[in-house]
Amino acid sequence: MNVVFAVKQYVSKMIEDSGPGMKVLLMDRETTGIVSMVYTQSEILQKEVYLFERIDSQNREIMKHLKAICFLRPTKENVDYLIQELRRPKYSIYFIYFSNVISKSDVKSLAEADEQEVVAEVQEFYGDYIAVNPHLFSLNILGCCQGRNWDPAQLSRTTQGLTALLLSLKKCPMIRYQLSSEAAKRLAECVKQVITKEYELFEFRRTEVPPLLLILDRCDDAITPLLNQWTYQAMVHELLGINNNRIDLSRVPGISKDLREVVLSAENDEFYANNMYLNFAEIGSNIKNLMEDFQKKKPKEQQKLESIADMKAFVENYPQFKKMSGTVSKHVTVVGELSRLVSERNLLEVSEVEQELACQNDHSSALQVSPI
């Protein structure tokens, strides 16, 4: 069950089904993030997708030599944008893919708008979530509840995201939820309703051990929020913040222009993939090894290109060297800033107190009485 692979397959299938020729990828705000998490722009370019546009952009030019691959969430807003697009098509042909189940009435509205018969295909590809790591996804929702109860809009989005996840992994699970949580119960009921309503979509091959969807309420976890994290990815998330694999370093003292925003992706960064779950102390040692390896491979300044063979070898090795140089600069900067914040906020001392509070019944040693 690899969510990155699942979404990546959907994007690849969209592009393959559109056939050879120059293409534009037409997305909305959310699907732009979904695609960017699994494919780099250079990887997409290799598949003859030369333009990336937003469906809500008002300044798009007419380009009849391009095929349009539309990957959109099936929202009312996106359907309305698509209806306007089909009435005045800017591209030669349209391959439309929705990231979740779309209603028959919306499909009918699109068909009525397609008077010029430019739509070649309409399908549902269930990549309706942000694939962060192979076993981790997000819906990028901030604040899903009002008190202890669901916000209706966020409950709907969470239900859509979960059911899309199940469909993309081809799983029809047993559902278990935390009995003491009304929010967990409500979400479980909503997911079950969708599975029952769309039962034909969930008719997957039975397995000996049925898959299990377990819904828990983090409000009942009193320990985890008390503890600082000390593994690489978790520290970056907590101290610097990660948004769709992007980290804003613009506030780092003395940061260079090209490092104000960096990307940490396990799909395209071998060092990050190998170190994201390691403790911070190990990261420092591995950064040192990375630097030493980089120094060995770094071209000597006095090296002369005296022959065609020398020039050819330099050109062949330069992209790899440049990539490694960027990796070294990025991780040295990120780890350096993490170290600065750990020192500035006294997080080692704070973490020691947190561990005592979390793991010991006697909290007296964690209390400090100031003299009057």
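Taking the conditions exactly as written (of a type in the set (Gly, Ala, Ser) and loosely packed, with under 15 Cβ neighbours inside 10 Å), does Ser42 satisfy them or not? Yes. Of the numbered criteria (1) surrounded by 14 or more Cβ atoms within 10 Å (Cβ to Cβ); (2) under 28 Å from Leu264 (Cβ atoms); (3) not aromatic (Phe, Trp, Tyr), the one Thr159 fails is (2).
Within region 204-221, is there a residue that is charged (D, E, K, R), within 22 Å of Asn100 (Cα to Cα) and out of contact with any Phe, Trp or Tyr (no Cβ under 8 Å at 6 or more places or on another chain)? Yes, region 204-221 contains at least one residue that is charged (D, E, K, R), within 22 Å of Asn100 (Cα to Cα) and out of contact with any Phe, Trp or Tyr (no Cβ under 8 Å at 6 or more places or on another chain).
Return the residues of region 190-220 that are of a type in the set (A, V, I, L, M, F, W, C) and out of contact with any Lys or Arg (no Cβ under 9 Å at 6 or more places or on another chain); say none if nothing qualifies. Matches in region 190-220: Cys190, Val191, Val194, Ile195, Leu201, Val209, Leu216.
Among the residues making up region 254-292, a single one is of a type in the set (Lys, Arg) and under 20 Å from Ile242 (Cβ atoms): Arg260. Looking across region 154-197, the residues that are aliphatic (A, V, I, L, M), under 19 Å from Ile34 (Cβ atoms) and assigned to a helix (DSSP H, G or I) come down to Leu162, Ala164, Leu165, Leu166, Leu167.
Looking at region 1-98, the helices (runs of 4 or more DSSP H) lying wholly inside it that each contain 2 or more residues that are under 25 Å from the mean Cα position of the chain (by Cα), farther than 29 Å from Val262 by Cβ and free of Cβ contacts under 8 Å to residues at least 60 places away in the same chain sit at 76-87. Within region 99-148, the residues that satisfy the criterion of being outside any strand (DSSP E or B), touching a residue at least 24 places away in the same chain (Cβ under 8 Å), more than 27 Å from His65 (Cβ to Cβ) and more than 22 Å from the chain's Cα centre (by Cα) are Ile102, Ser103, Asp106, Ser109, Arg148. Of Gly143, Gly127, all but one fail to be out of contact with any His (no Cβ under 6 Å at 6 or more places or on another chain) and crowded, with 20+ Cβ neighbours inside 10 Å; the exception is Gly127. With respect to the conditions (1) assigned to a helix (DSSP H, G or I); (2) in contact (Cβ under 8 Å) with a residue 60 or more places away in the chain, Leu201 lacks only one, and its number is (1). Here's a check for you: in region 283-296, which residue that is surrounded by fewer than 12 Cβ atoms within 10 Å (Cβ to Cβ) and among the charged types (D, E, K, R) is farthest from Gly336 (Cα to Cα)? Within region 283-296, the match that is farthest from Gly336 (Cα to Cα) is Lys296. Close contacts from region 205-218, counting a first residue that is modelled with pLDDT under 95 and a second that is surrounded by fewer than 12 Cβ atoms within 10 Å (Cβ to Cβ) and of a type in the set (Ser, Thr, Tyr), with Cβ to Cβ under 8 Å and a gap of 6+ residues or different chains, come to Asp217/Ser180; Arg218/Thr224.
The values are calculated or read from the model by the stated rules, or taken from the named source; none is laboratory data. All values derive from a computational prediction rather than experimental measurement. FYI the Cβ positions are ideal-geometry reconstructions off the backbone, even for glycines, and counts take in every protein chain you see.
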